[in-house]
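This report refers to the structure that appears directly beneath it.
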Amino acid sequence: MELCDKRRNQKKEKNTPEGRAEHRKANEDIRREIKYAKQRWITEQCTDIEENLAFNNTKKAFQLVKDLTKEKQAKVNSIKDKRGNSLTEEKEILERWTEYCSELYTQQSRGDPSVLNVEEPTNYPILRDEVVAAVDSLRSGKSAGIDNIPSELLKHGGESTIDMLTIIFNKIWQTGEWPKPWTQSLIIVIPKKGNLQLCQNYRTISLISHASTVMLRIILDRLKPQDESIIVEEQAGFRKGRSTIEQIFNLCLLGEKHLQQQ
């Protein structure tokens, strides 16, 4: 700040050769000090990264590395609609994003509905132990949904929180109706490569209520035992303990053997 004040005062004396020389020297001093300050800041960040790694705080260390190396994204103040017209008003931009995100999840399923027929009944009430297991599976430090309730509150809320969630979940299970905040989500858009005025050049992340996540986890855990009887043996993707890499390797071997026999 002292160098900036000095340069500001010398700016008034730029009409003389001596004043111009002093002003140039002040500019050089400021640029040199900025360079040194940047080097000191980078050194401090690297020290913080090493300390966090030493204490096994990998999450904090990774965030510091990300902040240190990520490229700055130019801020985009407009977005294009379907017809290619630029939208600059905040309300219009929000409406366009709402339209785009809604269309992402309106595609008709091509699956065979007959595979959803389950012989074993799954309508028994949601058990308290199921709620406890689902709450324990929540990860800490994750962003909250539209209700602004963090996962830590559910995980450390005690017995009363588990009891209340069990009552709410059984009500949902019986009626099939979800609380409105649980059906809403906060959409975070992350820019990708390409024209940032186009919605499709962003990756969308949906933040839903953690309580809704617990309910979805319970439903998922109830469906898992049915997986093996529904999914064909050949499918490896999106299956626990299966890998598509082995199938790709086997396919390559079959292709090579076929070529050798020709």
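The values are calculated or read from the model by the stated rules, or taken from the named source; none is laboratory data. Bear in mind that the values here come from a model prediction, so they are computed numbers and not experimental data. Positions of Cβ are generated from backbone atoms using ideal geometry, with glycine treated the same way; all protein chains shown enter the neighbour counts.
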Unique residue being in contact (Cβ under 8 Å) with a residue 40 or more places away in the chain, assigned to a helix (DSSP H, G or I), within 12 Å of H210 (Cα to Cα) and under 25 Å from the mean Cα position of the chain (by Cα) when the list is L154, L165, L138: L154
Filtered residue count, the stretch 134-143, keeping only those that are modelled with pLDDT under 90 and either surrounded by 11 or more Cβ atoms within 10 Å (Cβ to Cβ) or among the acidic types (D, E) (or both): 2
Members of the stretch 163-199 that are modelled with pLDDT of 90 or more, surrounded by 12 or more Cβ atoms within 10 Å (Cβ to Cβ) and hydroxyl-bearing (S, T, Y): T166
Close pairs (8 angstrom Cβ cut-off, 6 or more residues apart or separate chains): outside the structural domain of L198 (by TED's automatic domain parsing) in the stretch 77-90, among the hydroxyl-bearing types (S, T, Y) and surrounded by fewer than 10 Cβ atoms within 10 Å (Cβ to Cβ) anywhere: N77/T88; S78/T88
Pairs where the first residue, in the stretch 246-257, is in a helix (DSSP H, G or I) and the second is surrounded by 10 or more Cβ atoms within 10 Å (Cβ to Cβ), C-beta under 9 Å, 6+ apart: E246/A236; Q247/A236
Residue, modelled with the highest pLDDT, within the stretch 209-245, restricted to residues that are in a helix (DSSP H, G or I) and either among the acidic types (D, E) or over 32 Å from the mean Cα position of the chain (by Cα) (or both): D221
Breaking point among (1) farther than 22 Å from I205 by Cβ; (2) at pLDDT 90 or above; (3) in a helix (DSSP H, G or I); (4) not hydrophobic (A, V, I, L, M, F, W, C), for E95: (1)
